[in-house]
1. What dipole magnitude, in Debye to the nearest 20, does segment 166-344 give about its Cα centre under +1 on Lys/Arg Cβ and -1 on Asp/Glu Cβ?
2. Going through the cross-link list LYS259/LYS379; LYS5/LYS44; LYS47/LYS202; LYS44/LYS117, which pairs have a Cα-Cα distance over 26 Å in this structure?
3. Below 8 Å between Cα atoms, with a sequence gap of 6+, how large is the relative contact order for segment 245-389 in percent?
4. Using the Karplus curve 6.51 cos²θ - 1.76 cosθ + 1.60 with θ = phi - 60°, what ³J(HN,Hα) values do you get for each residue of segment 173-185, in whole Hz, with x for Gly and Pro?
5. Taking the Cβ of each residue in TYR227, TYR324 as the centre, tally the other Cβ atoms inside 10 Å and list the residues starting with the fewest.
6. Enumerate the aspartates and glutamates that LYS248 could reach by cross-link, defined here as Cα to Cα under 16 Å, with residues fewer than 8 away along the same chain left out.
7. How large is the charge dipole for the chain, taken about the Cα centre, if only the Cβ atoms of Lys, Arg (+1) and Asp, Glu (-1) carry charge, to the nearest 20 debye?
8. Just the number, please: percent antiparallel of the DSSP beta bridges in the chain, rounded to the nearest 5.
Amino acid sequence: MHPIKKLLSKKDVNIIGMMSGTSLDGLDLSYCRISHNATRHGVKIIKTGYFRFDPVLKRNLQALVSEGRFTKSFIKQADDDLGQFYAASVKRFMKKFGIRPVDMLGCHGQTILHLDKRLSKSKTGRSATWQIGSSSRLASITGLPVVSDFRSADVALGGSGAPLTPLCHYHLFGQDDRNIAVLNIGGITNLTFLPEKSGRKKIRASDCGPGNMLVDQLTKMLFGRDYDKGGRIASTGVISKRLLGSLKRRTWFTGPHPKSLGREQFGADEAMRIIERGRRYGISNRDIITTVSELTVISVLNYIENLPAVDKLIVCGGGASNNYFMTRLSNLIPRCAVISSEEAGLDPDYVEAACFALLAALWVFGEPANLQAVTGASKQTLLGRLTLP
Ligand SMILES: Nc1ncnc2c1ncn2[C@@H]1O[C@H](COP(=O)(O)OP(=O)(O)O)[C@@H](O)[C@H]1O
Ligand SMILES: [Mg+2]
């Protein structure tokens with residue numbers, strides 16, 4: 001029998017979801033059991049793991065995500081090195097916890113380019129997205145089937161290829177009796193709105209703005225730390241209305257939702273521009289961190305204000321550990337409970353990796369996973385490409 005036949009007939013699948021996001025911190029892994037249901041699929045996260053990028057790989061990836069000229073061999077080498085790193089991480093993860101059985105891997109890959117035509121940045125008039133991390137390498141070293149390259153099919157149908165997690169948020173967090181919003185604060189923030197008493201057709205979602213990406217870079221440049229732990233720096237500074245006002249005039253902020261964003265908007269050059277402007281306005285380093293952290297919060301509000309009233313906001317991603325973000329969201333969104341996904345039973349650091357396990361499961365179940373109202377694609381489609389070992 002062809003190896004894939006048995007897998008396709010399964011109603012319960014065991015998948016390791018793999019996510020390395022725009023923060024470029026490392027790889028998150030969620031080993032999940034996913035059970036097919038008529039409405040919301042069951043997703044149980046059984047084990048989680050995190051592997052930090054080694055410094056050389058991280059430096060090469062950082063170079064690739066910035067604008068620049070690279071040789072073909074440099075890009076191919078990074079693709080291969082990352083595939084090796086992913087595979088080694090999966091093997092260590094499985095060994096450490098004695099994880100089995102594993103039916104397949106769902107691997108997002110590392111985005112090195114993302115252009116959304118709705119923000120009219122793309123010269124071709126089309127959206128473009130590119131994830132690296134060789135799935136052939138990953139499949140051959142682990143001996144497991146891999147579903148990867150989740151975004152390309154949506155882009156081929158005229159969509160932006162992002163965000164893709166809204167349908168996963170529906171399965172993980174949707175409730176029939178409440179308006180729920182799920183906010184992921186990774187490098188970028190994306191928000192999913194799940195209206196009460198309605199199916200997946202009514203889901204709305206968009207990227208909102210920078211999550212940790214700008215604050216991380218500024219904390220590195222101004223304080224020599226990788227990130228603002230707990231949001232402590234931000235919590236002790238003062239917002240500069242002038243700097244915040246100028247950042248709110250950026251096209252990514254004023255442009256209509258839904259949209260998708262990336263390092264193209266919030267890279268090192270933007271961080272440098274913010275520092276220069278802060279100097280000109282006479283703002284302290286601490287106040288720059290507070291102001292840019294506030295920008296993260298305000299860009300979420302900028303979207304949520306246009307949605308029906310949200311009863312509960314569930315926050316996931318590394319930013320759920322930032323108290324400045326959590327407190328300000330709580331203060332600024334009226335009559336809404338702002339909670340970490342931990343309180344809904346899911347570790348905030350591993351929700352996204354679980355989403356990619358679920359997206360791989362949707363591929364197995366033969367269910368389209370993109371939402372036209374979110375990405376702008378002309379139709380729904382199966383997402384992902386299969387690589388066999
Ligand atoms: N304890 C913490 N306090 C504040 N911020 C944190 C903490 N832990 C992680 N983060 C932030 O979360 C980021 C990683 O978030 P993550 O969800 O992995 O993003 P991505 O999906 O882009 O990789 C880190 O770069 C950091 O900014
Ligand atoms: Mg990460």
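1. 520 debye
2. Listed pairs above 26 Å: LYS47/LYS202; LYS44/LYS117.
3. Reported as a whole number, the value is 17 percent.
4. After applying 6.51 cos²θ - 1.76 cosθ + 1.60, I find 10, x, 9, 7, 10, 8, 7, 10, 10, 10, 10, 9, 9 Hz.
5. With the sparsest Cβ surroundings first, the list reads TYR227, TYR324.
6. Of all the aspartates and glutamates, those that pass the test against LYS248 - Cα under 16 Å, at least 8 places apart if same chain - are ASP207, GLU270, GLU294, GLU305.
7. That gives a dipole near 460 debye.
8. Around 70 percent antiparallel, to the nearest 5.
Laboratory data are not the source of any read-out in this text; all were calculated from the coordinates shown. Only a predicted model underlies this, so the values are computations on that prediction, with no experimental measurement involved. Note that each Cβ is placed from the backbone with ideal geometry, even for glycine, and that neighbours are counted across all protein chains shown.
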